[in-house]
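Single-structure report; data block below.
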Amino acid sequence: MHSRLESAPRPIITLTTDFGLQDGYVAAMQGVILGICPEARLVHISHQIPPQDIQTAAFVLYQAFGYFPPHTVHCVVVDPGVGSKRRAIAIRTSHGVFVGPDNGVFSLALAAPGVNVQEAVILSNPAYQLGQVSATFHGRDIFAPAAAHLARGVSISRFGPTAINLVRLPYSHQLDRSGSADTTPIIHIDHFGNLVLGLTAAAVDHPEEVTFVIKGERIRGLHRTFADVPDQALLAYVGSTYDHVEIAVRNGSAARRLNARVGDEVQVIDSPFPEEA
Amino acid sequence: MHSRLESAPRPIITLTTDFGLQDGYVAAMQGVILGICPEARLVHISHQIPPQDIQTAAFVLYQAFGYFPPHTVHCVVVDPGVGSKRRAIAIRTSHGVFVGPDNGVFSLALAAPGVNVQEAVILSNPAYQLGQVSATFHGRDIFAPAAAHLARGVSISRFGPTAINLVRLPYSHQLDRSGSADTTPIIHIDHFGNLVLGLTAAAVDHPEEVTFVIKGERIRGLHRTFADVPDQALLAYVGSTYDHVEIAVRNGSAARRLNARVGDEVQVIDSPFPEEA
Amino acid sequence: MHSRLESAPRPIITLTTDFGLQDGYVAAMQGVILGICPEARLVHISHQIPPQDIQTAAFVLYQAFGYFPPHTVHCVVVDPGVGSKRRAIAIRTSHGVFVGPDNGVFSLALAAPGVNVQEAVILSNPAYQLGQVSATFHGRDIFAPAAAHLARGVSISRFGPTAINLVRLPYSHQLDRSGSADTTPIIHIDHFGNLVLGLTAAAVDHPEEVTFVIKGERIRGLHRTFADVPDQALLAYVGSTYDHVEIAVRNGSAARRLNARVGDEVQVIDSPFPEEA
């Protein structure tokens, strides 16, 4: 223990939940973690995931996890299946360890560039759970202790048997990095009302002429930044989550302007002559 | 000091307020704490307590404090009486030190299983307050410094004279651990719309037959978890805050479905023949 | 490095943004910071600044920064001009280092009592930025790395050339510390609906007789605290942000009662005979 503290980087644990911050649920998880791994850095990615919205949780994790050191443990608890037979899992990768329910919430992060899965296990060993496990709050009783023990350096193989066939969101197949899509879905809408598309800039052949059609509006060209267009104008640009294309209104909300929702399809006319399409 | 740092556990201070997070109030408290006790771990239980809602603050603290190590200092500032004659207090117990106004906000935690009060004092010693104490922000000027000095190891008896007759919420008498209630109040409604009752599972004699009547709906049996009932069905189950009974809608909001509020009474028919009641 | 860690205070970085907490943006900034300066204490001042509301961000920073140790680095990202020619800056002062866009967001803090600017630079050195700088998220790519390197002790002069003529908000000239104003603006409305005025108590000559007129309501005298007036009554009092005068409703919201907004002017009759005015 002593030698590890001097040589290893300080443990970091991130938390992402749909618990909100008006109850004591997130705090209880933190208390459990600090009891097991007092030296852990705790970082809150978000606790404002809409209740039971696995897709949003998957996207928010995908936005953030890549900026953390690779020894970070990412604990996600958006868990509509708690108490059912859904598995509790941990996944060790080349860029972070993931802990949470096996419901697809990690499938976007696992599809990110440069991430390789090294080992995945089912969290079944009671030695790494609270003494009493409730049927409704595995975040506190199973996932928080697992994250803390993993952060302390316990080997992932001690937590339980290998997990295969991890659940994936349909969503994780829609990250278009290879081009020639005719349509692309809105995969996330952020706090500012910007629309993040499944399409990435690398998959666009004609960045100056490409045209996006959404709700009858035609938006031409991939811009660099908001300041390229007038106040309140719609634009498409290369966003900040990897190189996903985003649609925004400068100093406004594209979601409100277009009445757009996650899952809506956007037509992509990636041709040097888009006006003929 | 040096020897303490090597041998004692690292100080932990939790914060619970109704300040919200859009102003700089919570940050000012943290600045004060880090100036006095730079090594403190700061954990935010909640800053989204509804303004001046002592009852909700008491419940949220009760949900979380038991999962923290016993040396933790819990600072709560929900303080409608600031500037009046209400006392500022600190309470040392077998499971944590509590700092805040004497308005009952600690009375649920003090009623939790296994918690014994060891010493309670009035925070009157100006040596442990900011140089200038405002009349409206004791969180920053009195409670934050007290929490930080207590976390550093200053003896509680140095803060002021013994406090007796601490204020209790009526609420703290309604934690029914002993059975045979005919009605029980809703003592909290959480972020998901789940209703937490004063009644605990230990006080239910007939868990399979017990029937709860609320707003004309009859809910039978104490279930283990949401997955025991169909989507959108009402159920009663043993919740995750100690063993308080909760009422929920699977994948929905019981508060919205039943138009329920904290304080509403729920009828409890704890008989093997509830249908006859 | 080693000697600094033993002798210097532990680095503290505060974050203030309009990113909200439902996306992964703030977390990405934290990941970047912990990768560069693993020992940094991170304190969140607020991430709930209304989108692109520089004035509110400036006020919230002004409320909190003075309570942090002077070695603290304050990173603020409310940045409607990202991607345009607005400058990215760092400012070293007698009470903290400030990092963010040059749009006036620091101008209230710089106008606070006892704060002296020592050096200001443009953040142009790519050695202290992420390898790839996006056009839309300088918080992650420029400001977070700058804050982390400054917290580690890198000299501010290495970040780029001296910045002169920093942008100031009109707002920063309205902190009336010298008296004899006929009107004063509402410069902030807090979470409780209390109205913070530009006027400070030091500038009031007749604290017992001074009368404030707002939306047809006359409010007489500067009180010490809420408890001085009956429940639901309007009052003016010396607030907790420096000595700015505030207007509140005891146990209620003055903003709602008066339908008040930031920027509304309040008439000040600072005379021993206000009833004659």
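The values are calculated or read from the model by the stated rules, or taken from the named source; none is laboratory data. Note that the structure is a prediction, hence the values are computed from the model and not measured. Neighbour counts run over all protein chains shown; Cβ positions are idealised from the backbone, glycine included.
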Which one of these is farther than 21 Å from C:Leu150 by Cβ and of a type in the set (Phe, Trp, Tyr): C:Phe59, C:Phe98, C:Phe65?
C:Phe59
Looking for something touching a residue at least 40 places away in the same chain (Cβ under 8 Å) and surrounded by 24 or more Cβ atoms within 10 Å (Cβ to Cβ) - is there at least one such residue anywhere in region C:91-99?
yes
What is the number of the single condition among (1) within 14 Å of chain A (Cβ to nearest Cβ); (2) surrounded by fewer than 19 Cβ atoms within 10 Å (Cβ to Cβ); (3) closer than 30 Å to C:Ala202 by Cβ that C:Gln118 does not meet?
(1)
Only one residue in A:Leu195, A:Leu234, A:Leu258, A:Leu166 is closer than 25 Å to C:Leu21 by Cβ and more than 14 Å from chain C (Cβ to nearest Cβ), so which one is that?
A:Leu258
Region A:22-42 - residue that is more than 7 Å from every other protein chain (Cβ to nearest Cβ) and among the aliphatic types (A, V, I, L, M) and, of those, farthest from A:Pro11 (Cα to Cα)
A:Val26
Quick one: is C:Val262 touching a residue at least 12 places away in the same chain (Cβ under 8 Å), within 23 Å of C:Pro50 (Cα to Cα) and out of contact with any Gly (no Cβ under 9 Å at 6 or more places or on another chain)?
yes
Inside region C:121-136, can you point out the residues that are more than 17 Å from C:Thr162 (Cα to Cα), buried (at least 19 other Cβ atoms within 10 Å of the Cβ) and modelled with pLDDT of 95 or more?
C:Gln129
Quick one: which of A:Thr200, A:Thr211 is buried (at least 16 other Cβ atoms within 10 Å of the Cβ), in contact with an Asp or Glu (Cβ under 9 Å, 6 or more places away or on another chain), more than 13 Å from every other protein chain (Cβ to nearest Cβ) and under 21 Å from A:Asn259 (Cβ atoms)?
A:Thr211
Test of understanding: among C:Leu166, C:Leu150, C:Leu108, which residue is farther than 30 Å from B:Ser134 by Cα and buried (at least 22 other Cβ atoms within 10 Å of the Cβ)?
C:Leu150
In this structure, does A:Val99 turn out to be within 18 Å of A:Ala27 (Cα to Cα) and away from chain B (no Cβ under 14 Å)?
yes
Let me spell it out: the conditions are (1) in contact with a Gly (Cβ under 7 Å, 6 or more places away or on another chain); (2) free of Cβ contacts under 8 Å to residues at least 40 places away in the same chain; (3) farther than 22 Å from C:Pro70 by Cα, and C:Ile45 meets all of them except one. Which number is the exception?
(3)
Counting only residues that are outside any helix (DSSP H, G or I) and either away from every other protein chain (no Cβ under 14 Å) or among the acidic types (Asp, Glu) (or both), region B:121-144 contains a total of 5
Only one of B:Gly239, B:Gly221 is surrounded by 15 or more Cβ atoms within 10 Å (Cβ to Cβ) and under 23 Å from the mean Cα position of the chain (by Cα). Can you tell me which?
B:Gly239
Quick check: anything in region A:203-211 under 26 Å from C:Phe19 (Cα atoms) and either modelled with pLDDT under 95 or of a type in the set (Phe, Trp, Tyr) (or both)?
no
Over region A:145-160, the set of residues of a type in the set (Gly, Ala, Ser), part of a helix (DSSP H, G or I) and closer than 16 Å to A:Ile13 by Cα is A:Ala146, A:Ala147, A:Ala148, A:Ala151
In this structure, does C:Ala248 turn out to be small (Gly, Ala, Ser), touching a residue at least 24 places away in the same chain (Cβ under 8 Å) and assigned to a loop (DSSP other than H, G, I, E, B)?
no
All conditions in (1) away from chain B (no Cβ under 13 Å); (2) surrounded by fewer than 21 Cβ atoms within 10 Å (Cβ to Cβ); (3) in contact with a helix residue (DSSP H, G or I) (Cβ under 9 Å, 6 or more places away or on another chain); (4) polar (S, T, N, Q) are true of A:Ser84 except (1)
Which fully enclosed strands (runs of 3 or more DSSP E) of region A:184-238 have 2 or more residues being touching a Pro at 6+ places or on another chain (Cβ under 9 Å)?
A:195-200, A:217-220
Note on region B:63-73: residues buried (at least 23 other Cβ atoms within 10 Å of the Cβ) and either facing another protein chain (nearest Cβ under 10 Å) or on the phi > 0 side of the Ramachandran plot (or both) are B:Gln63, B:Ala64, B:Phe65, B:Phe68, B:Thr72
Report whether or not B:Val60 is crowded, with 19+ Cβ neighbours inside 10 Å, more than 14 Å from chain C (Cβ to nearest Cβ), within 13 Å of the chain's Cα centre (by Cα) and not acidic (Asp, Glu).
yes
